[in-house]
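Reading through the structure tokens given below for one structure.
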Amino acid sequence: MMPDAWTAPTPDALSSMSAEPLLTREYDADPALVYERLRSRYGPVAPVDLLGVPVWLVLGYSEVLQVLQDKSGAWTKHLDNWRAKTEGRIPPDWPVLPAFEVDSSVFRDGEALRRLRNAWTAALAPFQERTHPQAQMLENAVRKYADDLISVMAEGGSGAGWADLSAQYARPLPLMVANRLLGFESARGDDVLMDAWRMLDAGPDAAAASDRLFAAMTDLAMAKMSNPGDDIPSYMLAAVSDLTLDELTREILMVPGLVADFTGTLICNTIVEVITNPDVRASLSQGIIEETVNRVALINPPMANLTFRFPTVDVRMGRFTIAAGDPVMVSVAAAHGDPLFGGAMNRNALRSTRAHLAWGAGPHHCLGQRLATRITAIAVSRLFERLGRMRLALPVDQLPWRPSPLMRSLRSLPVQYEVVQAYTPPADTQARPAAEPEPSAPPAPTAAGEAPISALWRFLRGLRRG
Ligand code: HEM
């Protein structure tokens, strides 16, 4: 007789488990507590209820790595493998669904994924390799965006003020970078910027904004196909010349999310760390800001949980057997809290391990890590150069977090500050207007012919407080 060990285990029926809801008030306030409770109750893999849909949540560091780094084909991101969805058991208005419906490289495997990632790698290289003129111009532009935003924030104040650094700085800055990376040459970039914002906020006008955004990205992709420039869509086309219009549109649609939302979140989380940790603050002046950014990504990963993976065969993991086609959400944040990950989470350590998973791992790992780190480092350094005595306007444990199954991101970051350095434009003018604006002046059209981003600046001025 065959020993028990040879008998294929029956998969655990996810839908019949009484899983606890993941997104609760407690989760918003302190997700680490929830991960630890799930870990002690279920082990490294736990069933959870994600807004009414049962999902496996992977909490163990080695289990997360096992899923992310799989090369055997046992795991896929292709949505056709999601059994409950193909069987029509996912409500069409399930709020997380739009995040999955982009249908870009994020949900591809194998050769199809490699082709699209080749386009990304080539398109990002000129902006990420610091010796490349594009990268240097981008750095200058990021500094200028930072200076303009700080100037508008401090405009009309008497040397001190109150600001929401999320709405007034950390979110608009990378959106402006996204606009530049996309190569918008007309005032339309301004509208797209605002629509990207509406879509990311998932408010009542998000659906209409997302339709407009798709149309704008299709037009942009079409324009770059006939008239390429120095931007991500054109560089993608140059690298993979048979990219279709639909493929290019869906890839560049990711730019506002990746560059603006992810990087904006990292900027906010880094600002909080600098304000609340005096050692980290000291490290700014020692020029180790990029190390601080890496450490913040480790302690508080912006993408706390990743979009689903699906096993292609029944898989034994932790205390369960996960059936082929079940949705599996890998939790980077929970994996970082796994005691097996060691003391890497020691909040008092100034330097951090690079074995963390905040940038993903395996075939889908982040291709924009260096760019995002650079943008964040410039944004945070410039802020603390120009504004001093910065303190949170709320106790750190009362900061409001955005309820989201994927992101760990602040809804607002209220601070009080004093202006310590007025705007002094640097000598170089590569990314700057021929005539520099006064600190309090609205940004003028740039020498490169970019249109003034009036609606955005009107909106930002509306947010100012004394
Ligand atoms: C300049 C900004 C950024 C760009 C251009 C960028 C680009 C990308 C690209 C192209 C992918 C691959 C998608 C795929 O193959 O599925 C990716 C994945 C990823 N990125 Fe980034 N990224 C940026 C910022 C960030 C930031 C700030 C974080 C968080 C610290 C981050 C975390 C991740 C993670 C965790 C993944 C893997 C997702 C998964 O495996 O499901 N990215 N990024």
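Below is a table of values for the structure above.
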item	result
Single match in Asp191, Asp231 (criterion: buried (at least 18 other Cβ atoms within 10 Å of the Cβ) and modelled with pLDDT of 95 or more)	Asp231
Qualifying residue in segment 152-165 (condition: within 16 Å of the ligand (Cβ to nearest atom), under 22 Å from Thr263 (Cα atoms) and either surrounded by 15 or more Cβ atoms within 10 Å (Cβ to Cβ) or of a type outside the set (Ser, Thr, Tyr) (or both))	no
Test: Ala221 is surrounded by 21 or more Cβ atoms within 10 Å (Cβ to Cβ), more than 16 Å from the ligand (Cβ to nearest atom), modelled with pLDDT of 90 or more and among the aliphatic types (A, V, I, L, M)	yes
Failed condition for Asn348, given (1) under 23 Å from Val106 (Cβ atoms); (2) modelled with pLDDT under 85; (3) not aliphatic (A, V, I, L, M)	(1)
Flag if Ser72 is at pLDDT 95 or above, more than 30 Å from Glu385 (Cα to Cα), among the hydroxyl-bearing types (Ser, Thr, Tyr) and out of contact with any Phe, Trp or Tyr (no Cβ under 6 Å at 6 or more places or on another chain)	no
Within segment 263-292, considering residues that are surrounded by 24 or more Cβ atoms within 10 Å (Cβ to Cβ) and hydrophobic (A, V, I, L, M, F, W, C), the one farthest from Gly368 (Cα to Cα)	Ile271
Top-ranked residue in segment 364-414 [being over 16 Å from the mean Cα position of the chain (by Cα) and free of Cβ contacts under 8 Å to residues at least 12 places away in the same chain; ranked as surrounded by the fewest Cβ atoms within 10 Å (Cβ to Cβ)]	Pro395
Residue identified as more than 19 Å from the chain's Cα centre (by Cα) and within 16 Å of the ligand (Cβ to nearest atom) among Val240, Val255, Val177	Val240
Failed condition for Asp49, given (1) farther than 25 Å from Ser409 by Cβ; (2) charged (D, E, K, R); (3) in a strand (DSSP E or B)	(1)
Near pairs, Cβ below 8 angstrom, 6+ apart or cross-chain, from segment 217-231 (more than 13 Å from Leu243 (Cα to Cα)) to any residue that is assigned to a loop (DSSP other than H, G, I, E, B)	Met217/Leu253; Leu220/Gly183; Leu220/Phe184; Gly229/Gly183; Gly229/Glu185; Asp230/Gly183; Asp231/Gly183
Residues that are of a type in the set (Lys, Arg) and touching a Ser or Thr at 6+ places or on another chain (Cβ under 9 Å), drawn from segment 84-129	Arg89, Arg115, Arg117
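Matching residues to (1) more than 16 Å from the ligand (Cβ to nearest atom); (2) farther than 17 Å from Ala304 by Cα; (3) over 25 Å from the mean Cα position of the chain (by Cα); (4) modelled with pLDDT under 95:
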site: Leu38; (1), (2), (3), (4): yes, no, yes, no
site: Val53; (1), (2), (3), (4): yes, yes, no, yes
site: Gly60; (1), (2), (3), (4): yes, no, no, no
site: Val96; (1), (2), (3), (4): no, no, no, yes
site: Asp103; (1), (2), (3), (4): no, yes, no, yes
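The values are calculated or read from the model by the stated rules, or taken from the named source; none is laboratory data. It should be emphasised that the depicted structure is a prediction, and the values quoted were computed from it without experimental measurement. In this analysis, Cβ positions are derived from the backbone assuming ideal geometry, glycine residues included, and neighbour counts consider all displayed protein chains.
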